[in-house]
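The values are calculated or read from the model by the stated rules, or taken from the named source; none is laboratory data. Everything numeric in this text was worked out from a predicted model, so none of it was measured. Positions of Cβ are generated from backbone atoms using ideal geometry, with glycine treated the same way; all protein chains shown enter the neighbour counts.
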Amino acid sequence: MAERTPLPAPADEDVEEAGEHLPVIDPSKPVIISSWGRKGAGKSTFNRRLFASWPYDKLCIDVNGDADPGPITRKLSKDDITSRFPAPQAVMPGAPAPGPQSLYWRADPGSATYEDDLDRAVGMALFPQDHPTLVWCGEVGEFMPSAQRTRPHMRRLLMQNRHYRASVLFDGPRPAHVNPLVLAQSDYVAIYHLPNPDDRDRIAKQIGYPPTRFSAECDETFRRGPYWFLFWDAKAHQLYRCAPLPEA
């Protein structure tokens, strides 16, 4: 990960101009990463870069059909969603051992079992429990319209992901109506164009950053132009302003 510029109070003008601002993910240490912003602001590009960098098995759950996860080894059907990550497909004797799997499932919002299907797919990142896996849950509000409607596998992922060696990427237009654990448990948070003051306050309060100052940093960042974003590192307790990421 390229060097980023910390934001003092107030933010100075020495802003990182390079495009490489993504965290270095250690797959041995499961993480939760969330990105927020209005449609077309850049959050999918952020998660797409992280998804592509994951060196082990991974699953993209695509709600809208536009996730574009890159090369995949297997496209799943609804019948494949069984709450357990599938074993690699058999290879001919003498052939090289199969490498990491990159699975893709296009969810059907019109299905009568849509919410259960999503939760079973999330379960694939949890079992087997000793299996390191990354799951990309785009449009996070579809997976948990509220804290009260967070289903069992997703609840377990939010509360116990480290015990299951499961990492997760979330993205959504607003954090205001999803389970508070998404932000509270996020190791990293990317904030793209977020015009609603309530959404800014929600993020600021969850990460422990002064809301008024956070909103001012948002205004300054978004003033720079399209795709600029703020990046929060929870472990370092540090907020950064970042220039647009290049497309992978």
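Brief remarks follow.
- Of the residues making up region 161-193, those that are modelled with pLDDT of 95 or more and more than 16 Å from the chain's Cα centre (by Cα) number 3.
- Among (1) modelled with pLDDT of 95 or more; (2) within 22 Å of G172 (Cβ to Cβ), the one test that L76 misses: (2)
- Among (1) without any contact (Cβ under 8 Å) to a residue 24 or more places away in the chain; (2) surrounded by fewer than 19 Cβ atoms within 10 Å (Cβ to Cβ) - the single one H163 does not satisfy: (1)
- Among helices (runs of 4 or more DSSP H) entirely within region 175-242, having at least 3 residues that are out of contact with any Leu (no Cβ under 9 Å at 6 or more places or on another chain) and either touching a residue at least 24 places away in the same chain (Cβ under 8 Å) or farther than 27 Å from L158 by Cα (or both) singles out 211-223.
Every residue, every condition in (1) surrounded by fewer than 15 Cβ atoms within 10 Å (Cβ to Cβ); (2) in a loop (DSSP other than H, G, I, E, B); (3) at pLDDT 70 or above, yes or no:
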{"residue": "E3", "(1), (2), (3)": "yes, yes, no"}
{"residue": "P8", "(1), (2), (3)": "yes, yes, no"}
{"residue": "A11", "(1), (2), (3)": "no, yes, no"}
{"residue": "E17", "(1), (2), (3)": "yes, yes, no"}
{"residue": "D26", "(1), (2), (3)": "yes, yes, yes"}
{"residue": "S35", "(1), (2), (3)": "no, no, yes"}
{"residue": "K39", "(1), (2), (3)": "yes, yes, yes"}
{"residue": "S44", "(1), (2), (3)": "no, no, yes"}
{"residue": "R49", "(1), (2), (3)": "no, no, yes"}
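- Pairing residues of region 114-138 that are farther than 30 Å from G40 by Cβ with residues that are surrounded by fewer than 17 Cβ atoms within 10 Å (Cβ to Cβ) and of a type in the set (F, W, Y), at Cβ distances under 6 Å and at least 6 apart in sequence or on separate chains, gives P132/Y56.
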